[in-house]
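Here is the structure we will look at.
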Amino acid sequence: MRSSKKVLLVFLPSESGVDGARSLYDEREITPLFSWFNRSLRTIIKKSQFAIPPLSLMILTSIDVPGVEQSICDMRFEEFPFNDTWDLVGISVQTGMARKAFDLADKLRTAGIPVVLGGAHVTLFTESCRPHADVLVVGEADDLWKELLTDLTIQTLKPLYQSSAFPDLGISRPVSKKTLVKNRYFTTNLIQTGRGCQYSCDFCNVHLLNGHTLRRRAVADVVSEVKRFLQHDQRIFFFVDDSINADPVYARELFSQLVPLKIRWFGQATTTLGQQHELLETFANSGCQALLVGIESIETTSRNAHKKNQNKAEELVRAIKNIRNAGISLYGSFIYGLDGDTLETPAAILEFISQTKLDVPGINILRPIPGTQVFERLREEGRLLFNPHDVTAYRYSFGQEMLYKPKNIPLDSFIESYSILTRQVFTMKNAMTRGVAAPRAKSAVMLFNLFYTHLYSLSRHDLQHQLEKNSLKKPFCLTPNNF
Ligand code: SF4
C-alpha cells in the first residue's frame with residue numbers, strides 16, 4: 001500500500017501564441033500548405049525552447065507537507081499520465097482556456113480522480129467552476145495550499161479554500177525547481193519579487209486578482225533565491241513581475257545587490273522607467289538584457305478612455321529612447337482597437353515604431369477579458385460579439401479573433417487595417433534589421449521578430465476566415481456557434 005498521497009498539478013497549453021502557432025479553426029479547413037507550415041513551426045517552437053515553466057505551479061509544488069508527493073504535468077510537452085494513480089489532480093484555469101480545463105477535469109472525475117481547480121478564472125467566476133471540481137481554491141494559493149494538502153493527508157478535504165486576505169509576501173517561501181524538467185525550458189530561473197498593481201487599466205485583471213497594493217518580498221529573500229537558482233541553472237533570469245520598476249526604491253536596492261552576481265535578466269516594466277534615470281542605470285549594470293513594456297496606446301484619447309495613466313502619450317518616445325540608449329532592448333506592446341482609435345491609428349503606430357526603433361513590437365487587438373472593467377462596459381454598450389453570459393467563449397488567441405466591436409471603426413475596416421499594419425511591421429527584412437540593431441539580446445530579438453512574422457500571418461488568416469464565414473457586419477452574434 002502506498003504511504004504518501006500523490007498530487008499532480010497540470011498546466012495546459014494555450015490555443016495559440018508562443019506555446020505553438022495554431023489556427024483557431026479546424027486544420028482541415030485551412031489549405032494543406034498552410035497547415036503543414038503550422039505544424040512544422042509548432043515543432044520548431046517546441047525545440048527552440050520558447051517555453052518558460054509555470055511559476056504558480058512551481059510555487060505550489062515547493063510547499064512541503066509530510067505524506068504528500070507533488071509533481072507537475074506540463075501538457076505543452078507531455079500527455080496527461082492517465083495510467084498512473086493520483087490522489088488529487090490540480091488544474092490551473094485561465095478564462096481564455098477554461099473549456100479545455102473543464103473538459104479535462106470532467107474526464108478525470110468520471111474516472112474517479114478528485115480534481116481541484118484554481119487560478120484566475122476560479123477566483124473571478126467561482127460558482128461556474130463548481131460543477132467541474134471536487135475542490136476549488138479561490139485567490140492566491142500560497143497559504144491555502146498547505147492547509148489543503150494537510151487536509152488531503154487526513155481525508156478531510158473541503159469543497160472550498162478561500163482566504164480573506166492576500167498572502168504576506170514578506171514571509172520567506174523558497175521556490176524549488178525539483179519538479180521541473182530543466183531542458184524543456186528557455187530558462188528555469190523565474191523570480192517574482194512582488195504582486196499587486198497600483199494602476200487601474202480597465203482591460204487588465206492584475207489589480208482585480210492581486211490587489212491595488214504592491215506587496216513585496218524581502219530583498220534578502222530574493223537575492224538568496226537568485227544565488228540558489230544560479231547553482232542549478234546558469235541561463236538567463238526572468239523577473240515575472242508585471243512592473244519591476246513599480247517601487248523604484250525597492251527595485252534599486254534589489255538590483256544593486258544583484259550586480260556582483262553578474263546575471264543576465266529579462267523583465268517587464270512600465271515606460272516610466274525612461275524617466276527613472278538612476279534605476280535605469282542600475283538595471284543596465286545588473287545585467288538587464290531586455291524589457292517588455294506595455295505602451296498600449298499612443299493616442300491620448302485612448303489612454304484616457306482605458307485609464308492607462310502611467311505616462312502621457314507625448315512622453316513615450318523620449319522614455320523609450322532613454323531605455324534603449326541605456327543598452328536595454330525593448331519589446332513594446334500596443335493595443336489597436338481602443339476606444340479613441342481611428343483608421344489613422346495604424347499609421348501613427350508605424351511612425352512610432354520607426355521613430356523609437358522598438359526592437360520587438362507586439363501589436364495586439366483589444367481582448368476584453370471577462371471580469372475586467374472593459375468587459376463590463378462593452379457588455380453594457382452591446383459591443384461584445386459572443387454571449388457575455390458564457391465567459392468561456394472569450395478564448396485566448398494571438399490576435400486571431402475579434403471578440404468585440406471597436407468604437408469608431410467598422411469591423412471589416414478594422415480587420416483590414418489591422419492586417420495591413422501587421423503585414424508592414426513584420427517582414428523577414430524587418431526581423432533581421434531589428435535583430436542587428438538591438439542594443440542587447442540580438443539573437444532573441446531576431447528570433448522573436450521572425451516568429452511573429454509567422455504568428456501575425458496566422459492572425460490575418462484567421463481574422464479573414466472569421467469575417468468571411470460569420471458575417472461580422474451583423475451588430476451582434478450572441479452565440480459562439482454563429483462563428
Ligand atoms: S496593464 Fe500593467 S500597469 Fe495597467 S493595471 Fe495591469 S499590470 Fe498594472
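The values are calculated or read from the model by the stated rules, or taken from the named source; none is laboratory data. Since the structure is predicted, the reported quantities are computational estimates derived from the model, not experimental observations. Reconstructed Cβ throughout: ideal geometry from the backbone, glycine too, with neighbour counts over all protein chains shown.
Scanning segment 237-250 for residues that are assigned to a loop (DSSP other than H, G, I, E, B) and within 19 Å of the chain's Cα centre (by Cα), which turns out nearest to the ligand (Cβ to nearest atom)? It would help to see each step written out before you state the result.
Kept after step one, since they are assigned to a loop (DSSP other than H, G, I, E, B), are these residues of segment 237-250: 240-247.
When the remaining residues are screened for being within 19 Å of the chain's Cα centre (by Cα), the result is 240-246.
Values: 240: 12, 241: 9, 242: 4, 243: 6, 244: 11, 245: 11, 246: 8 Å.
Among those that are assigned to a loop (DSSP other than H, G, I, E, B) and within 19 Å of the chain's Cα centre (by Cα), it is 242.
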Report task. Identify the residue in segment 288-336 that is more than 16 Å from the ligand (Cβ to nearest atom), under 23 Å from the mean Cα position of the chain (by Cα) and among the small types (Gly, Ala, Ser) and, among all such residues, is surrounded by the most Cβ atoms within 10 Å (Cβ to Cβ). Result -> 329
Requested in this report: Pick out the one residue from 56, 71 that is part of a helix (DSSP H, G or I), of a type in the set (Gly, Ala, Ser) and either without any contact (Cβ under 8 Å) to a residue 12 or more places away in the chain or not assigned by TED's automatic domain parsing to the domain that holds residue 238 (or both).
Outcome: 56
Query - residue 193 being assigned by TED's automatic domain parsing to the domain that holds residue 126 and either under 30 Å from residue 444 (Cα atoms) or surrounded by fewer than 17 Cβ atoms within 10 Å (Cβ to Cβ) (or both) - result: no
Report summary line: The residue from 163, 243, 176 that alone is under 18 Å from residue 308 (Cα atoms) and touching a residue at least 24 places away in the same chain (Cβ under 8 Å) is 243
Query - Where residue 131 falls short, out of the listed (1) free of Cβ contacts under 8 Å to residues at least 40 places away in the same chain; (2) within 23 Å of the chain's Cα centre (by Cα) - result: (2)
Query - Test: residue in segment 77-95 that is buried (at least 17 other Cβ atoms within 10 Å of the Cβ), out of contact with any Lys or Arg (no Cβ under 8 Å at 6 or more places or on another chain), of a type outside the set (Phe, Trp, Tyr) and more than 17 Å from residue 141 (Cβ to Cβ) - result: yes
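Each row is one residue, and each column tells you yes or no for (1) in contact with a strand residue (DSSP E or B) (Cβ under 8 Å, 6 or more places away or on another chain); (2) surrounded by 20 or more Cβ atoms within 10 Å (Cβ to Cβ); (3) among the hydrophobic types (A, V, I, L, M, F, W, C); (4) at positive phi.
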{"position": "184", "(1), (2), (3), (4)": "yes, no, no, no"}
{"position": "228", "(1), (2), (3), (4)": "no, no, no, no"}
{"position": "237", "(1), (2), (3), (4)": "yes, yes, yes, no"}
{"position": "242", "(1), (2), (3), (4)": "yes, yes, no, no"}
Query raised in the report: Mind checking whether some residue in segment 269-282 is away from the ligand (no atom under 16 Å from the Cβ), without any contact (Cβ under 8 Å) to a residue 40 or more places away in the chain and either buried (at least 18 other Cβ atoms within 10 Å of the Cβ) or under 18 Å from residue 187 (Cβ atoms) (or both)?
Result: yes
Query raised in the report: Checking residue 234 against (1) modelled with pLDDT under 95; (2) outside any helix (DSSP H, G or I); (3) away from the ligand (no atom under 14 Å from the Cβ), which test does it fail?
Result: (1)
Requested in this report: Scan segment 102-113 and give yes if some residue there is part of a loop (DSSP other than H, G, I, E, B), surrounded by fewer than 15 Cβ atoms within 10 Å (Cβ to Cβ) and not assigned by TED's automatic domain parsing to the domain that holds residue 194, otherwise no.
Outcome: yes
Query raised in the report: For residues in segment 203-218 being part of a loop (DSSP other than H, G, I, E, B) and crowded, with 18+ Cβ neighbours inside 10 Å, which is farthest from the ligand (Cβ to nearest atom)?
Result: 217
Query - Conditions (1) in a loop (DSSP other than H, G, I, E, B); (2) at pLDDT 95 or above; (3) surrounded by fewer than 17 Cβ atoms within 10 Å (Cβ to Cβ); number of the one not met by residue 440 - result: (3)
Requested in this report: Check every one of the helices (runs of 4 or more DSSP H) wholly within segment 116-172 and list those with 3 or more residues that are under 17 Å from residue 89 (Cβ atoms).
Outcome: 144-153
